[in-house]
Structures are given as C-alpha cells and as structure tokens.
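**Student:** Below is the structure I would like to discuss, written out as structure tokens.
What follows is calculated from the coordinates using simple rules that are stated; it is not laboratory data. Small disclaimer: the values here were computed from a predicted structure and weren't measured. When we count neighbours, we look across all protein chains shown, and the Cβ atoms used for this are built from the backbone with ideal geometry, even at glycine.
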Amino acid sequence: MRSTILVTGGAGFIGSHTTVALQEAGYRVVILDNLCNSKPDVLDRIAQITGIKPEFVEGDVRNDRGLDRLFETHAIAAVMHFAGLKAVGESTGQPLRYYDNNVSGSVHLLQAMDQASIKTLVFSSSATVYGDPQKLPLAEDHPRSATNPYGHSKLMVEDILEDLYRATPGWRIARLRYFNPVGAHPSGLIGESPQGVPNNLMPYIAQVAAGRHPRLKVFGNDYDTPDGTGVRDYIHVMDLAHGHVAALKYCEHAAQELLTVNLGTGRGYSVLEMIRAFEHASQKSIAYDIVARRPGDIGACWADTRLAAEKLGWHADKGIAEMCNDAWRWENVPT
Ligand code: NAD
Ligand code: WQD
C-alpha cells in the first residue's frame, strides 16, 4: 500500500473519480468535504467500484481546528485540493462567497499543511486562467487573465502557491489546469450531479436526451469556428483522474517542484458536434435552438498537451464517444 492522500472535495465530481484512480494505484484516501455540492452516498459507490470505502471526514477546509485534528490523527503524505465553488455565473453575484471558499479556503489549508510539515499539493486550477485565447493551442506560458470572481480566485491561488514555493524550501506543488471535464466512471456508479439546472453543456445535453428539459439553448453560432458554435477541449473525467495520479507521482520524486500543466486532450469539438455525438450515444434526438451568445463566453479553446506528455508521461485516451456513452449511462442510473 502506498501513502495516504487527503482529497479535499473528494465527494464531488472530479474528486470522486480521482479517489477511484488513487485507490486503484494503491494509495489510501481520506476525503474531507463539507457536502455543500455533493452527497455522502458517493462513498459507498466508490467502494462498489474499488472494493475500498475511503475514510470520510465531514468538514470545511476553512476550519483550522478541524484541519489540525485531521493532520494530527492521520499520516497524510500529500493533499489533492479540489474543494471549492465552481459556478462562473454565480461567482459574479456572490464574489465574497467565492473568495472565501476558494481563496481563503486554500490559505487555511496551506497554513495547516505547513504547520504539519506536509508539503506536497496537487491543486485544481482551470483553463479559465487563460482568459480569451490569443493563440491556440493554449500553452502554459500563455498570458493569464480573468473576467469573473471564479476565474480570479483560481489566478489568486495559483499566485499564492508560487509565492509559497519561492518562500519556503521543500514544497512540491502541481497546478493542474483542467479544460472541460465531462463523462463519468464507466461503471455508471459515479458521475456529475449538478444541482438545479446545469450551467455546463454536457450535463444539459444529457438532461435533454433524458427528457428532463425540452430543448437545449446553443449559445451563439457566429463565432469564428468551423460551424460558428463554441469549440472546447472536452476531457473524460477518468483521463483527468489519471492525470492527477501522474502529477502526484511526479511530485513524489522531486526534492522541490512547482509544476504547472494543462490537462486536456489537445482537440476541440463544437457544440453541434457534441450534440451529434450525444445523439449517437443515447439514440435520442436532441432538440435545440440557436440563441444569443452567453456573456463572457469565448469562441474556441483547446490545450497544448506537450508539457503534460513530457513531464508526466500522461495523455488523455478517451474520445467523445466514450465521454458521451459514459455520461449517458450515468444519466440513466436511478438516484
Ligand atoms: P464539485 O462541486 O463537484 O466538487 C467540489 C467538492 O468540494 C464538493 O463535493 C463540495 O461539497 C466540496 N466543497 C466545496 N467547498 C468546500 C469547502 N469549503 N470545504 C470542504 N469541501 C468543500 O466540483 P468539481 O467539478 O469536482 O471541481 C473540483 C475542482 O476542480 C474545483 O476546485 C473546481 O474549481 C475545479 N475545476 C472544475 C472544472 C469543471 O468544469 N468541473 C474545471 C476546472 C477546474
Ligand atoms: C461549453 C460550450 C457554451 C451550455 C466552464 C467554465 C470553466 C470551466 C469549465 C471551471 C460553450 C456552450 C453551454 C448550454 C451552450 N470550469 N453551451 N448551451 O464555459 O467552456 O467552461 O466550465 O473551471 O471555467 O467557464 O463550459 O460547458 O458551460 O460550455 O451552447 O446550455 O457549450 O457557450 O461554447 P465553458 P460549458
């Protein structure tokens, strides 16, 4: 058995899939989650997949006492920090809630880690830090910017991590910039469970296919893309999960490290291509209307994946057919 990893936000979408990948790679996992956007039944579902129920601590990353106790009572070797809020639109209306959870939450976690001499961290950043792309594919040295509090919170934490790395010897930090994570575990046991009406394309398409919404709104068909609709680099969540394990292993072998890498496929698909792929996977027709652009959206974005391949020896394997098949299987699981 390898070492024990604390996974903050491990009951959520990406954290739960990464927990599966960590357990399958032989790590022991302790999840810390306040369940503000997830449910505890994910723990039994993870156990059904891997045969091991991860230890669960219900709590908040902003709770110093709770963190200290957790580090005192568990031999944690490294932390994967997923806990945070992620709805771009909501962040514009509730900036303080986003800065408190995402920025302050990260600072509290880092302080507790520092105190406990745990200096290995994998952090969930986002391709949102690239703002409106000046050049595609997006390489890690592309200038960063943000137009909403969610994006700012990711930029700020990236900068805090850099300052910490420069100030204190021995930190091993991976800042992973995810593109558009979609899909679900192929077992159909875990997946993405947005509360209310989904903001993101893939869960919305899945809910239209399932008859939960009559039609999809396609936000704009006048972008400078082959069919005019927005193009994104969708990545299967299990590929993303394996990217985290690769980043952890990379950090484990370094004396100190500040690694910043994209996790994407390097290939973009348009909204209309995603609709067609999902129709094929679900054998349902997806009704849609073209409507105005969504404020703040960019036209196209996909990753330069060379650094991830070079540093981590990792690349995404799964294509959009698997992403759609797995998302559809998950959509049909009784909850
Ligand atoms: P998610 O909402 O499914 O998971 C986040 C988990 O963190 C939830 O289980 C939630 O209950 C928990 N949480 C939130 N605030 C907490 C706090 N203060 N203390 C303890 N637990 C807390 O989201 P996700 O899609 O799995 O995203 C995980 C991370 O990846 C987030 O940091 C997000 O910003 C980042 N990210 C997500 C995407 C995406 O499209 N899903 C893209 C790029 C980056
Ligand atoms: C994808 C495409 C939309 C919904 C967001 C965050 C980003 C990151 C990932 C966290 C776009 C179009 C969407 C719909 C549509 N998250 N669309 N109808 O905006 O690329 O990225 O999630 O870090 O920060 O901004 O993802 O899935 O919302 O949109 O036409 O109902 O689908 O315009 O072209 P996005 P998305």
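**Student:** For Asp132 and Glu90 in one chain, what is 0.36 nm times their gap in residues minus the Cα-Cα distance, to one decimal in nm?
**Tutor:** Residue separation times 0.36 nm, minus the Cα-Cα distance, leaves 13.1 nm.
**Student:** Note down the magnitude of the dipole of the chain about its Cα centre, charges +1 on Lys and Arg C-beta and -1 on Asp and Glu C-beta and zero elsewhere, to the nearest 20 debye.
**Tutor:** Using only the charged Cβ atoms, the result is roughly 260 debye.
**Student:** May I ask for the angle, rounded to the nearest 10°, between helix 13-24 and the longest principal axis of the chain, with both axes built from Cα atoms and the value confined to 0 to 90°?
**Tutor:** Around 60 degrees separate the two axes.
**Student:** Rounded to the nearest 0.05, what FRET efficiency do His213 and Asp297 give with R0 = 22 Å and r taken as the Cβ-Cβ distance? Could you check?
**Tutor:** 0.65
**Student:** Right, something else. Any idea what the dipole of the range 70-199 comes to, in debye rounded to 20, about its Cα centre with Lys/Arg Cβ at +1 and Asp/Glu Cβ at -1?
**Tutor:** Taking the Cα centre of the range 70-199 as origin, the dipole is about 160 debye.
**Student:** Let me ask something additional. Can you tell me how much longer the chain between Lys284 and Gln111 gets when fully stretched, taken as 0.36 nm per residue apart minus their C-alpha distance, in nm with one decimal?
**Tutor:** Gain on stretching Lys284 to Gln111: 57.3 nm.
**Student:** How big is the gap, in Å, between the Cα center of the range 34-92 and the Cα center of the range 286-335?
**Tutor:** Going from one Cα centre to the other spans 24 Å.
**Student:** Among the listed pairs Lys135/Lys284; Lys39/Lys249; Lys86/Lys318, which have their C-alpha atoms separated by more than 27 angstrom in this model?
**Tutor:** Table pairs above 27 Å Cα-Cα are Lys135/Lys284; Lys39/Lys249.
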